[in-house]
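Contents: one structure, followed by commentary.
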Amino acid sequence: MMLAIIFTALVHDAYLLFRYPVAVGVDGYYYVLQVENLHDRGTLFFPNSTPLVIYLLVALKFFVSSTVLAIKVGSFLFHLALAAGVFALLKTLTRSRMHAMCGTLIIGASSVHLFMLSEYIAHSGGLALLVWGAYFTVRAVRTGNTWWKGGAVIALVLASLSHRSCIFMIAVLAVMLFIYHLIMTPVRVNRRRTLTAGAVGLAFFISPLVFAGQTFVALSPEVRDESLASPGLSFGRVAILEKCLLLLCSLLFLVISFKHSRRRQTFVYKVLGTISVLSLLMTLNPFLDRSGGWLSASERISALAYIQLAILLPGLFWLLSPSVGRLARPLCVASVICFSAFSLVISLPYGLRDDYLHDRIRLIKSLTEQRQALTHLRRVIAPHGEQFVITYSLGVPAQQRVTPGEDLSTTHWLLQHFDRRNLNSVEGVIVLDEQQSTFIVPDKHLDAILRAMPLWEGLELTKANPHLIDRILSGTNTYRLPVR
């Protein structure tokens, strides 16, 4: 039954990826530009310090003629590699195929993995290599075999070259293992170690609070803006179900670790203990601001809760087997199936929804058909994700935001779902799709268009065109929503 459920989940993922001919995900055409430029010209379209996944996608393009198809195949293969890595790691730790399949199902059923499939392909590839690096490390520690050690080093190096967050995660995992090792040292054996573990763990836990409150050192905006001076109770917007279960499993595991003092220094306990400490000190840290959703680095990192849960929950049930007896395995299976059922009711990521992909198909068709008439465009400001579509379709520089004070005389704006009546008297408007209300408007006419709109229309316009918000709210030469 578990195999059938896992297979069904994989078929569902393949259907979501391949049902339309365009690239999925809001940033799907970012990868298309990167792969095509590297394949055709030998350089990346956008600078990237960790481009390994892009090179792997280019390698796939030699076997698949379509760039879009190559990216989809690569994304699916990275997901399969991640699921297989979790299975191999759990199978090695627990020596139970059923518990390993439970972890695999969590990877395939969690709503978070759809974001990785469609939006964060490079991150997905890096995570797959990171999990395989963990598997090779476990085998190397248990056997002492040089080949396993070499495999671990290679996998972790490749993960670091795939996404920069993997470098951070490798360092954090090492610190979490160190903290767990110190915490589990009996006080009567070494009181100093235990106190050191408590101090290091507390320092790590409240570090965002320190960053938010100090004024002596200049911090990067990412660190400063995502640190809270007081704890928040929110789990954020992403992976809420996974985080709730992860909190429960982490606390329960630590209770079990303290109870079974003779076993807590075994390797299985160390691996699961590292994940538990990571969950409590970073993934679920209340001093991190996750209100920005996927746009915040802290939320993107905490979204990895589904991988932590996939390893910790089956491992926890396996550890409970001596206490619970034969019920441990069916309870584990039932818990994972219930998790999968709850995950089904969570809405799809925006970049995988039918209405969004239909709009993207029509936009690409309109841009391609009118390409000859759009050669005069010098720069286009477009909604997030669509700037890549415009550059891909027209070869015209496009971006999401403008810098305050820069010259906009040769700039055009892509407006979607815009009422045509507001453009009747405006010259130079390019109609891309009358039915979908998609237009390209010269910047010199944008102020007049916005000023003529009532407040409610202006607010509705920004919902479909969020790239206009900065311009509307800025000071010079811009439109301000009227106060009524």
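The values are calculated or read from the model by the stated rules, or taken from the named source; none is laboratory data. Computed from a predicted model, the values in this text were never measured in an experiment. Every residue, glycine among them, receives a Cβ derived from its backbone with ideal geometry; neighbour counts consider all protein chains shown. The area values use the complete protein model at the heavy-atom level, side chains included, leaving out ligands, DNA and RNA. Shrake-Rupley method; radii C 1.70, N 1.55, O 1.52, S 1.80 Å.
Taking the Cβ of Arg97 as the center, what net charge do the other residues with Cβ under 13 Å away carry, scoring Lys and Arg +1 and Asp and Glu -1? Mind showing how you got there, number by number?
Values: positive: Lys91, Arg95, Arg329; negative: none.
Net of charged neighbours comes to +3.
Computed over all pairs of different Cα atoms, the Kirkwood value for the hydrodynamic radius of the range 110-157 is 11.5 Å.
Taking 23 Å as the straight-line reach from the Cα of Lys149, the lysines in range (excluding those fewer than 8 positions away in the same chain) are Lys91, Lys270.
Cα convex hull of the range 316-374: how many Å³ per residue?
Values: hull volume 6.2 nm³, N = 59.
Convex hull volume per residue, Cα atoms: 105 Å³.
Listed peptides 390-398, 138-146, 431-439 appear in the order 390-398, 431-439, 138-146 once ranked by packing, highest mean of other Cβ atoms within 10 Å at the front.
Quick check: at a probe of 1.4 Å, how many percent of the accessible area of the range 1-93 sits on carbon and sulfur atoms?
71 percent
The listed peptides 304-310, 22-28, ordered by packing as a protection proxy, come out as 304-310, 22-28 (highest mean of other Cβ atoms within 10 Å first). Note on Lys61: aspartates and glutamates with a C-alpha under 13 Å away, same-chain residues under 8 apart excluded, are Glu36, Asp40.
Looking at the range 1-133, the accessible area is 37 square angstrom per residue; that uses a 1.4 Å probe and ignores ligands, DNA and RNA.
How far, in nm, would the chain grow between Phe178 and Arg378 when pulled straight, counting 0.36 nm per residue and subtracting the alpha carbon separation? Walk me through the intermediate numbers first.
Numbers: separation 200, 0.36 × 200 = 72.00 nm, distance 5.45 nm.
Fully extending the segment from Phe178 to Arg378 adds 66.6 nm.
Approximating the spin labels as points 7 Å out from Cα along Cα→Cβ, the Arg237-to-Ile154 distance works out to 4.1 nm. From the largest down, the range 69-172 spans 40, 32, 26 angstrom on the principal axes of its Cα atoms. Between Val64 and Cys338, the modelled labels are 3.8 nm apart [label points 7 Å from Cα along Cα→Cβ]. Note on Arg451/Arg353: beta-carbon distance plugged into 1/(1 + (r/R0)^6) with R0 of 41 Å gives a FRET efficiency of 0.80.
What fraction of the Cα pairs in the range 351-417, stated in percent, has a spacing above 18 angstrom? Could you put the intermediate results ahead of the total?
Numbers: 811 of 2211 pairs.
In whole percent, the share of Cα-Cα pairs in the range 351-417 beyond 18 Å is 37.
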